[in-house]
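For reference, the structure discussed in these notes is given below.
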Amino acid sequence: MYNVHTMSSEKKRVQFRAPHQLVDRADALATVFGSDRTDILVTALREYLREAAHDDELKQEIAAAYYDDEITFDQLTELVGREEAANFRVLKQQLNDEYIDEIADL
C-alpha cells in the first residue's frame with residue numbers, strides 16, 4: 001500500500017508543527033512498516049504532490065501562479081513535469097504577446 005523509501009538526492013531539513021493526532025498516526029504507521037516518522041511524512045508529501053500535479057483544477061491554479069510570476073519556471077517544472085511546464089511557458093508567452101499587441105493597438 002505504501003511505498004516507503006528515501007530519494008538519493010540532497011536532503012533539506014524542514015521543521016513544522018502538526019496536530020498531535022496526525023503525528024501519532026504517522027508514528028503508528030511507521031511502526032507498522034518498521035520505518036520512521038520522516039519516511040512516512042516524506043512518502044505522504046511525495047504522493048500528495050504527485051496527485052496534485054494530475055488534478056486539473058489544481059494544475060490550473062499552478063499555471064495561474066506561473067502566469068502571474070508567483071512561481072518560477074523551475075518551480076513549475078517541479079510541480080507539473082517538464083512537458084506540461086513547457087506547454088505552460090509557450091502559452092504564457094502567447095498571452096504576453098497578445099497583451100503587448102492589445103496595448104500597442106490602443
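How long are the three semi-axes of the equivalent ellipsoid of region 55-106, in whole Å, if each is the root of 5 times an eigenvalue of the C-alpha gyration tensor, listed from largest down?
Semi-axis lengths for region 55-106 are 23, 10, 9 Å.
At 222 nm, what helix-only mean residue ellipticity would the chain give, in deg cm²/dmol to the nearest 500, using -39500 (n - 2.57) for each DSSP H run of four or more?
-23000 deg cm²/dmol
For the chain, what is the charge dipole size about the Cα centre, in debye to the nearest 20, if Lys and Arg each add +1 at the Cβ and Asp and Glu each add -1 at the Cβ?
Result for the chain is approximately 940 debye, rounded to the nearest 20.
For Rg and Dmax of the Cα atoms in Å, one of (1) 12.6, 36; (2) 19.2, 66; (3) 24.9, 77 was computed from the structure I shared and the rest are decoys. Which label?
Recomputing Rg and Dmax of the Cα atoms in Å here gives the entry labelled (2).
Please name which of 30, 71, 9 has its Cα lying farthest along the dipole of the chain towards the positive end, using unit charges on Cβ (Lys, Arg +1; Asp, Glu -1) and the Cα centre as origin.
30
Between helix 82-105 and the chain, what is the angle of the helix's C-alpha long axis to the longest principal axis, kept within 0 to 90° and rounded to the nearest 10?
Approximately 30 degrees, to the nearest ten.
Once both axes come from the Cα atoms, what is the angle between helix 56-67 and the longest principal axis of the chain, in degrees from 0 to 90, rounded to 10?
With both axes taken from Cα atoms, the answer is about 60 degrees.
Bear in mind these aren't lab numbers, they're just calculated from the coordinates by the rules spelled out. Just so we're clear, the structure is a prediction, and the values are computed from it rather than from any experiment. Glycine gets a Cβ as well: all are built from the backbone with ideal geometry, and neighbour counts include every protein chain shown.
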